[in-house]
Amino acid sequence: GVQYENVIVDHGGSVATVTFDRKGSLNAFNQATILELTDVARRFQDDLTTQAVVLSGAPNAFSAGIDLNDPATWEELDDVALRQRFYRGVRLCQAWEEMPQITVTAMEGMAVGAGCAIALACDWRVLASDAYLYVPEVKIGLNLQWGALPRLVTLVGPSKTKQITLLCDKMDPNMALDWGLIDRIADPGQTVAVATEMASRAASMPPATTRMVKEAVNATANALHRATSFADADQSALTRNYQAAVEARQSFNR
């Protein structure tokens, strides 16, 4: 298989496990990890033997969001290349959402910002009982992008989406489960096991029918997602330069 710097793909029969772990920085997404995980998802498109995929992050943190300290995130580029970079996260989540396999996210520690965004692109989400979800984008003057906003609205409705994105509270597992943001709570260290059990059950169903139904549900639920969020990274390029946004980022502490 392909060798990645931050991602390990374990093909175990009909269920595969994808683990991304930068071994530091609370597993924040640097540009390299975004590109690697996108490549992984695209390779699953033509995989006819894998029927379900578990996605997990680091043992201590699923992901602390986008790595604002990654030099590649701030590299000066021409307009076309800059826009291409801004849309990497959008393409990452799109690739995971469009995978024909059933996808289950296993989240330990925390899923922050972009970490929540990729989880929303998967079919099911498992969160450790001592972990939390956190969408702090607005707090630092950014809009929630990566195509996550319409996915969130579809999952939990407009009122809860506004609370999650505008009040920026850290969400505990019970609240997340109650709101329909996650599907299972697991004991600490057991999210991959619980996610694998769900994935295995899905993988045991007739595979062509399972793929067909997933596609049908996504086509129905996500019909207007692209139409409402196609410019979200362009909006991000605009809002991050607002005066209040620059000030908020300077004083932000996770």
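Can you confirm whether Leu37 is of a type in the set (A, V, I, L, M) and either over 16 Å from the mean Cα position of the chain (by Cα) or open to solvent by 40 Å² or more (accessible area, probe 1.4 Å) (or both)? When the stated conditions are applied, Leu37 does not pass them.
Restricting the range 48-81 to residues that are modelled with pLDDT of 95 or more and of a type in the set (Ser, Thr, Tyr), the residue that is nearest to Gln101 (Cα to Cα) is Thr50. Counting the residues of the range 1-14 that are crowded, with 16+ Cβ neighbours inside 10 Å and either free of Cβ contacts under 8 Å to residues at least 12 places away in the same chain or under 19 Å from the mean Cα position of the chain (by Cα) (or both) gives 4. The set of residues from the range 62-121 being within 16 Å of Leu142 (Cβ to Cβ), of a type in the set (D, E, K, R) and not in a helix (DSSP H, G or I) comprises Asp67, Asp70.
Please determine, by comparing only the residues of the range 35-49 that are among the β-branched types (Val, Ile, Thr) and without any contact (Cβ under 8 Å) to a residue 40 or more places away in the chain, which one is nearest to Asn60 (Cα to Cα).
Here the answer is Val40.
Taking the residues in the range 15-34 that are part of a strand (DSSP E or B) and touching a residue at least 60 places away in the same chain (Cβ under 8 Å) as candidates, determine which candidate is surrounded by the fewest Cβ atoms within 10 Å (Cβ to Cβ). Break it down into steps so the answer makes sense when it comes.
Here is the first cut: in the range 15-34, the residues part of a strand (DSSP E or B) are 15-20, 29.
Pick out the ones that are also touching a residue at least 60 places away in the same chain (Cβ under 8 Å) and you get 15-17, 29.
Details: Val15: 25, Ala16: 22, Thr17: 20, Phe29: 29.
Here the answer is Thr17.
Every residue, every condition in (1) under 20 Å from the mean Cα position of the chain (by Cα); (2) at pLDDT below 95; (3) over 30 Å from Ala52 (Cα atoms), yes or no:
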site: Leu155; (1), (2), (3): yes, no, no
site: Leu177; (1), (2), (3): yes, no, no
site: Ile185; (1), (2), (3): yes, no, no
site: Thr209; (1), (2), (3): no, no, no
site: Ala223; (1), (2), (3): yes, no, no
site: Arg240; (1), (2), (3): no, yes, yes
site: Glu247; (1), (2), (3): no, yes, yes
site: Arg254; (1), (2), (3): yes, yes, yes
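May I ask you to list the residues in the range 119-153 that are hydroxyl-bearing (Ser, Thr, Tyr) and surrounded by fewer than 18 Cβ atoms within 10 Å (Cβ to Cβ)? Break it down stepwise before answering.
To start, the set of residues in the range 119-153 that are hydroxyl-bearing (Ser, Thr, Tyr) comprises 129, 132, 134.
Across the range 119-153, the qualifying residue is only Ser129.
For Thr17, indicate whether it is of a type outside the set (Asp, Glu) and in contact with a Ser or Thr (Cβ under 8 Å, 6 or more places away or on another chain). It would help to see each step written out before you state the result.
Details: of a type outside the set (Asp, Glu): yes; in contact with a Ser or Thr (Cβ under 8 Å, 6 or more places away or on another chain): yes.
Answer is yes for this residue.
Which pairs have Cβ atoms under 7 Å, sit 6 or more apart or on different chains, and link a residue in the range 71-96 that is without any contact (Cβ under 8 Å) to a residue 12 or more places away in the chain to one that is surrounded by 15 or more Cβ atoms within 10 Å (Cβ to Cβ)? Listed by first residue and then by second, the contacts come to Leu77/Arg85.
The values are calculated or read from the model by the stated rules, or taken from the named source; none is laboratory data. It should be emphasised that the depicted structure is a prediction, and the values quoted were computed from it without experimental measurement. Virtual Cβ from ideal backbone geometry, glycine too; neighbours counted across all protein chains shown. To get the accessible areas, we keep the full protein, side chains included, count just its heavy atoms, and leave off ligands, DNA and RNA. Shrake-Rupley method; radii C 1.70, N 1.55, O 1.52, S 1.80 Å.
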